[in-house]
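Below you'll find the structure, written out as structure tokens, and then a few comments.
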Amino acid sequence: MNMNIQDITNNFQKEIENAQDNNALESLRVKYLGRKGIVADLLNSLKNLPVEKKKQQGKEVNDLKKEIEEAIKEKTQFLVADSQSLEKEWFDISIPGFKHPRGHFHPRTIIMRQVETIFQSMGFSVVGGPELETDWYNFEALNIPKDHPARDMQDTFYVPPISEYSDSEDLVMRTHTSPMQVRYMEKNNPPLRIIVPGRVFRRESTDASHDYQFYQIEGLMVDKHISVANFRAVITEFFSRFFGQKVAVRLRPSYFPFTEPSFEIDISCVFCSQKGCRICAQGGWLEIAGAGMVNQKVFESSGYARNEWQGFAFGFGLDRLAMMKYKIDDIRLLNSGDLRFLRQF
Amino acid sequence: MKYSYNWLKEYVPQIPEPKKLAELLTMRAFEVEGCEKSGNDFILDIKVLPNRAFDCLSHIGMAREIAAVGGYRLQTTDYSLIENKSLKIKDFLSVEVQDKELCPRYSARVVVDIKVGESPKWLQERLIACGLRPINNIVDITNYVMLETGQPLHAFDFDKLEAENPKSEIRNPKKITSSQFLVPKIFGGAPEKENE
């Protein structure tokens, strides 16, 4: 009998090791612990033994039973855990790969590139300049002296002088891209054709059509014989190509200290073909840019001789163009960084 | 600056209808930012830029511009002064300008037999049309002349000037203020917003 129990234990160990699923375990349980199982048989055989032996053998059989129960329970848990982790790590090699999200351009960048492309095709170079500008380039060189009322036309962020970088010159955040006219002409001789896209700053409160920083495109063309007629041709061609339709341009008298004469530029409404709509306030015209013939004083500031050269300069808001093209109704969205807005482009 | 259409019409009798006038000015001179009916009058809000502030921030100035761009005749009123030739201004008043750079010229005149009271209705209406508040006939006439000619001026109460050495002192135009308008803007060329 003793030998018997030892054999049974050994057999069971082997068998449970080989059991790989719940069914195998269940049949193992029936085989050993079932009503007609091996353990039950053993218990039955105890009946015929004398009391002393019965006690000793009975204990052994009970230990065996416990051992088997424990082992089966353990193995069951192991199998369950094993099957769960298998499910988790399930890897379907037939699924196609997913695309990594790629960045995309800001609407203003898209418009800027379109504008640059059109002007480049007309022979204009694209140049850039500093956003922190000296008072000289931003104002004085452009015929706007310190006490001139024209300074009130733009609200300026004045910056305390930084002794490290300049000889305590007065600094401003540039209020327009026009300082580049002088900076460029100082280093280059006519004939010249440039555009200057860039960020500018105004100290004013914001609303749907005003922000304290926005983008401008400056244009400058200088030669011996450049006239308003050349300007009209260039600007008409630009807006027609930009909006992809024939655009009429009209000039109205205006004033900028760095041009003489100066004008405001209206284009025929590109939304209603001048029939009158909400965007052009029923007028059929959209106010879109400022321009003029370069003031001789600006040529002098740049180191050119007076009355030697003629040229036109113009400037318009890039944000405004983007807003018109994409029908954006609030300029502040462009600087908001709001992904719900940006993902639409 | 705000301009009264009726007032302009006084100087330019052939002046076009308000809407036409707004269009004419916008295309030939200045942007007209508003054209509103106000009683029998129209108020035109005309944006005069700094290069033309010196001559167009007044009704006569604007009338001159309208006459010029429209090819109309300009008709300004003549006036004459009643002066007592036997009196010498030097006996009554002297003017001291301490900074000739800031104030190249200052002129003054003594007016007598004034009765302070309300201005006539038509004058009050014109002031209101241009965004000013009528105070009394003295203050109103200075404002009226400013809106008419572009020349700012100020009235002092002669009795209240220092009696022993009657003297109207101008130290630095920036320091002189009156309840009506700021003097410094006169000499620097007044930005239009100051007049509104």
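The values are calculated or read from the model by the stated rules, or taken from the named source; none is laboratory data. Just so it is clear, the model here is predicted, and its values are computed rather than measured. Cβ coordinates were reconstructed from backbone atoms using ideal geometry, including for glycine residues, and neighbour counts include every protein chain displayed. Surface areas here come from the heavy atoms of the whole protein model, side chains and all, with no ligands, DNA or RNA. Shrake-Rupley method; radii C 1.70, N 1.55, O 1.52, S 1.80 Å.
Tabulated data for the structure shown
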item	result
Qualifying residue in the range A:219-230 (condition: free of Cβ contacts under 8 Å to residues at least 40 places away in the same chain and either outside any strand (DSSP E or B) or among the hydroxyl-bearing types (Ser, Thr, Tyr) (or both))	yes
Any hit, the range B:158-179, residues being farther than 18 Å from B:His59 by Cβ, basic (Lys, Arg), in a loop (DSSP other than H, G, I, E, B) and modelled with pLDDT of 75 or more	no
Checking A:Thr236 against (1) surrounded by fewer than 19 Cβ atoms within 10 Å (Cβ to Cβ); (2) within 14 Å of chain B (Cβ to nearest Cβ), the condition it does not meet	(2)
Subset of the range A:313-341 [in a loop (DSSP other than H, G, I, E, B) and of a type in the set (Asp, Glu)]	A:Asp329, A:Asp330, A:Asp338
Options A:Met153, A:Met185, A:Met173; residue that is among the hydrophobic types (A, V, I, L, M, F, W, C) and under 22 Å from A:Asn335 (Cβ atoms)	A:Met173
The range B:12-37 residues that are among the aliphatic types (A, V, I, L, M), paired with ones that are surrounded by fewer than 20 Cβ atoms within 10 Å (Cβ to Cβ) and in a loop (DSSP other than H, G, I, E, B) (beta carbon under 8 Å, 6 or more apart)	B:Val12/B:Tyr72; B:Val12/B:Arg73; B:Val12/B:Leu74; B:Val12/B:Gln75; B:Ile15/B:Tyr72; B:Leu24/B:Pro16
Qualifying residues in the range B:16-68 (those that are in a loop (DSSP other than H, G, I, E, B), away from chain A (no Cβ under 14 Å) and touching a Gly at 6+ places or on another chain (Cβ under 8 Å)) - the one nearest to A:Val249 (Cα to Cα)	B:Pro16
Close pairs from the range A:126-155: first more than 14 Å from every other protein chain (Cβ to nearest Cβ), partner open to solvent by 30 Å² or more (accessible area, probe 1.4 Å) and assigned to a loop (DSSP other than H, G, I, E, B), Cβ under 6 Å, at least 6 apart	A:Thr134/A:Glu169; A:Asp135/A:Asp170
The range A:162-193, subset part of a loop (DSSP other than H, G, I, E, B) and surrounded by 15 or more Cβ atoms within 10 Å (Cβ to Cβ), residue farthest from the other protein chains (Cβ to nearest Cβ)	A:Pro190
Residue check for A:Arg250: more than 14 Å from chain B (Cβ to nearest Cβ) and not in a loop (DSSP other than H, G, I, E, B)	no
Looking only at the range A:204-225, and only at residues there that are of a type in the set (Gly, Ala, Ser) and open to solvent by 30 Å² or more (accessible area, probe 1.4 Å), the one that is farthest from A:Phe239 (Cα to Cα)	A:Ser205
Which numbered condition A:Val196 misses (of (1) modelled with pLDDT of 95 or more; (2) more than 36 Å from the chain's Cα centre (by Cα))	(2)
Subset of the range A:255-296 (residues that are without any contact (Cβ under 8 Å) to a residue 40 or more places away in the chain, within 14 Å of chain B (Cβ to nearest Cβ), of a type in the set (S, T, N, Q) and open to solvent by 20 Å² or more (accessible area, probe 1.4 Å))	A:Gln282
Residues of the range A:270-323 satisfying the condition of being farther than 26 Å from A:Met185 by Cβ and acidic (Asp, Glu)	A:Glu287, A:Asp319
Lone qualifier among A:Ala291, A:Ala313, A:Ala281 - being among the aliphatic types (A, V, I, L, M) and either touching a Lys or Arg at 6+ places or on another chain (Cβ under 8 Å) or over 21 Å from A:Gly123 (Cβ atoms) (or both)	A:Ala281
Close pairs from the range B:82-97: first farther than 13 Å from B:Phe158 by Cβ, partner of a type in the set (S, T, N, Q) and surrounded by 10 or more Cβ atoms within 10 Å (Cβ to Cβ), Cβ under 6 Å, at least 6 apart	B:Val95/B:Ser168
Boolean, B:Asp140 is of a type in the set (Asp, Glu) and either on the phi > 0 side of the Ramachandran plot or at pLDDT 85 or above (or both)	yes
Candidates A:Gln213, A:Gln181 - the one that is out of contact with any Lys or Arg (no Cβ under 9 Å at 6 or more places or on another chain) and touching a residue at least 40 places away in the same chain (Cβ under 8 Å)	A:Gln181
Within the range B:100-141, tally of residues that are of a type in the set (A, V, I, L, M, F, W, C) and assigned to a loop (DSSP other than H, G, I, E, B)	11
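Condition check ((1) part of a strand (DSSP E or B); (2) in contact with an Asp or Glu (Cβ under 7 Å, 6 or more places away or on another chain)) across all residues:
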residue: A:Glu237; (1), (2): no, no
residue: A:Pro261; (1), (2): yes, no
residue: A:Cys272; (1), (2): no, no
residue: A:Lys275; (1), (2): no, no
residue: A:Gly292; (1), (2): yes, yes
residue: A:Glu308; (1), (2): no, no
